[in-house]
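Have a look at this one before I ask anything.
The values are calculated or read from the model by the stated rules, or taken from the named source; none is laboratory data. Predicted model, so just to flag it, every value in this text is computed and none were measured. Cβ placement follows ideal geometry from the backbone for every residue including glycine, while neighbour counts extend to all protein chains displayed. Heavy atoms of the whole protein, side chains included, go into the accessibility calculation; ligands, DNA and RNA do not. Shrake-Rupley method; radii C 1.70, N 1.55, O 1.52, S 1.80 Å.
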Amino acid sequence: MKYMLMVLGKQADYDAMGGAANSDSPGWSEADLKAMFDYMGALNDDLAESGEWVDGQGLADPRHARLVTAAADGTPVISDGPYGEAKEVLAGYWIVDVVDFDRAAEIAARAYACPVPEGAPNYPVVVHPVDSRSGTEMC
């Protein structure tokens, strides 16, 4: 069964990772970033070796995201926010193909255990099943 494991964050977290301390988080050092990237790299490698990896990506700062709706004629209406300023947003994800929810939860717990600097927020990892039905079965 496939699951999406979602890591959350705020714009302030991205700023802190860039070294700018704020009320939500201390500024991250290069050693802090290296520890995080090394940890996540090892997790990704293990998932690939076990055959459970389907996809995974870290996302750019929320300030680069846009909200898109449609006008009555169908043309895109694009807004730049507020998006990441006020709440947690998707910061990265994995799609894993595992035997059951328990295995997905084990992977999520390992992702949650990623090292962060003292005082930095550590958000829960959201585990969401991927619906395997086709589009016509869902309607």
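Open to solvent by less than 70 Å² (accessible area, probe 1.4 Å) and of a type in the set (A, V, I, L, M, F, W, C), is that true of residue 68? Reasoning before the result, please.
Details: open to solvent by less than 70 Å² (accessible area, probe 1.4 Å): no; of a type in the set (A, V, I, L, M, F, W, C): yes.
Judged against the criteria, residue 68 is not a match.
Right, here's the next one. Filter the range 123-134 down to the residues that are surrounded by fewer than 14 Cβ atoms within 10 Å (Cβ to Cβ) and within 14 Å of the chain's Cα centre (by Cα) and list them by number.
124, 128
Please give the number of the condition residue 25 fails out of (1) modelled with pLDDT under 95; (2) over 26 Å from residue 11 (Cβ atoms); (3) among the small types (Gly, Ala, Ser).
(2)
State the number of residues belonging to the range 45-58 that are touching a residue at least 24 places away in the same chain (Cβ under 8 Å) and either open to solvent by less than 70 Å² (accessible area, probe 1.4 Å) or of a type in the set (Val, Ile, Thr) (or both). Write out each step before concluding.
Looking only at the range 45-58, we keep the residues that are touching a residue at least 24 places away in the same chain (Cβ under 8 Å), and these are 47, 51-58.
Now narrow it down to the ones that are either open to solvent by less than 70 Å² (accessible area, probe 1.4 Å) or of a type in the set (Val, Ile, Thr) (or both): 47, 51-52, 54-56, 58.
Total meeting the criteria: 7.
Next up: Determine the pairs where a residue that is modelled with pLDDT under 90, located within the range 127-139, has a partner that is open to solvent by 100 Å² or more (accessible area, probe 1.4 Å) with Cβ atoms under 8 Å apart, the partner being 6 or more residues away or on another chain.
So the pair list comes out as 132/1.
Only one residue in 71, 48, 111, 104 is touching a Pro at 6+ places or on another chain (Cβ under 9 Å), of a type in the set (A, V, I, L, M) and at pLDDT 95 or above. Which one?
Numbers: 71 fails: touching a Pro at 6+ places or on another chain (Cβ under 9 Å); 48 fails: touching a Pro at 6+ places or on another chain (Cβ under 9 Å); 111 fails: touching a Pro at 6+ places or on another chain (Cβ under 9 Å).
Exactly one of 71, 48, 111, 104 is touching a Pro at 6+ places or on another chain (Cβ under 9 Å), of a type in the set (A, V, I, L, M) and at pLDDT 95 or above, namely 104.
Could you list, ordered by first residue, the pairs with Cβ atoms under 9 Å in which the first is in the range 71-98 and closer than 14 Å to residue 12 by Cα and the second is of a type in the set (Val, Ile, Thr) and modelled with pLDDT under 95, at least 6 apart or interchain?
83/89
May I pose another question? Does at least one position in the range 13-35 carry a residue that is under 22 Å from residue 101 (Cβ atoms) and among the polar types (S, T, N, Q)? Give the steps one after another, and end with the answer.
First, the residues of the range 13-35 that are under 22 Å from residue 101 (Cβ atoms): none.
Checking the range 13-35: not a single residue is under 22 Å from residue 101 (Cβ atoms) and among the polar types (S, T, N, Q).
Test residue 61 against the stated conditions and say whether it is exposed (fewer than 15 other Cβ atoms within 10 Å of the Cβ) and among the charged types (D, E, K, R).
Numbers: exposed (fewer than 15 other Cβ atoms within 10 Å of the Cβ): no; among the charged types (D, E, K, R): yes.
For residue 61, the condition - exposed (fewer than 15 other Cβ atoms within 10 Å of the Cβ) and among the charged types (D, E, K, R) - is not met.
Turning to a different aspect of this structure: Please determine whether any residue of the range 29-42 is surrounded by 12 or more Cβ atoms within 10 Å (Cβ to Cβ) and in contact with a Gly (Cβ under 7 Å, 6 or more places away or on another chain).
no
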